[in-house]
Amino acid sequence: ITAKRLLASMSLMRSSPEHFFVSLVRSHPSFKSKVVPFGLTTVIWENGTDSQQHPANADRLLNGKYVFYDELVRSPGFFSRKFNEPDSLIMDRIDREVNGIWGDDR
């Protein structure tokens, strides 16, 4: 019954596939206590709750600097989203400066 109610309430929602299973699992008593908060992922909501459904691009440049670099470095997450470039240079910078990994120079 919970799944049917959620499906009906999300049928007109934008990006419902992304939210359906998360909402279902988080609302069901059997699973609720077993869910890892934030999924070890850092998501940057630039305007807090006013960002609506789209997170900021974590690799955004402004005057030659990465806007969210410090926030990414300080975050506890192992993963992050969303990046404008699939193989963004900010990932190489974090590997080099934070993780001590010296990959290929681009």
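The values are calculated or read from the model by the stated rules, or taken from the named source; none is laboratory data. Only a predicted model underlies this, so the values are computations on that prediction, with no experimental measurement involved. Neighbour counts are summed over all protein chains in view; Cβ atoms, including those assigned to glycine, are modelled from backbone coordinates with ideal geometry.
Do you know which residues across the stretch 1-30 are modelled with pLDDT of 80 or more and among the acidic types (Asp, Glu)?
Correct list: empty.
Tally the residues that are assigned to a helix (DSSP H, G or I) and either touching a helix residue (DSSP H, G or I) at 6+ places or on another chain (Cβ under 9 Å) or modelled with pLDDT of 75 or more (or both), restricting the search to the stretch 31-40.
So in the stretch 31-40, the residues assigned to a helix (DSSP H, G or I) come out as 31-32, 37-40.
Going one step further and asking which of them are either touching a helix residue (DSSP H, G or I) at 6+ places or on another chain (Cβ under 9 Å) or modelled with pLDDT of 75 or more (or both), we end up with 31-32, 39-40.
Residues meeting the conditions: 4.
Somewhere in the stretch 96-106, is a residue touching a Leu at 6+ places or on another chain (Cβ under 7 Å), modelled with pLDDT under 85, surrounded by fewer than 12 Cβ atoms within 10 Å (Cβ to Cβ) and not assigned by TED's automatic domain parsing to the domain that holds LEU7? Lay out the reasoning, then the answer.
To start, the set of residues in the stretch 96-106 that are touching a Leu at 6+ places or on another chain (Cβ under 7 Å) comprises 106.
Applying the additional criterion that residues be modelled with pLDDT under 85 yields 106.
Narrowing the set further to residues that are surrounded by fewer than 12 Cβ atoms within 10 Å (Cβ to Cβ) leaves 106.
Imposing the further condition that a residue be not assigned by TED's automatic domain parsing to the domain that holds LEU7 reduces the set to 106.
Among the residues of the stretch 96-106, at least one is touching a Leu at 6+ places or on another chain (Cβ under 7 Å), modelled with pLDDT under 85, surrounded by fewer than 12 Cβ atoms within 10 Å (Cβ to Cβ) and not assigned by TED's automatic domain parsing to the domain that holds LEU7, which makes the answer yes.
Kindly list, by first and then second residue, each pair from a residue in the stretch 79-98 that is more than 25 Å from PRO37 (Cα to Cα) to a residue that is of a type in the set (Phe, Trp, Tyr) and at pLDDT below 90, limited to pairs with Cβ atoms under 7 Å and residues at least 6 apart or on different chains.
ARG96/TRP102
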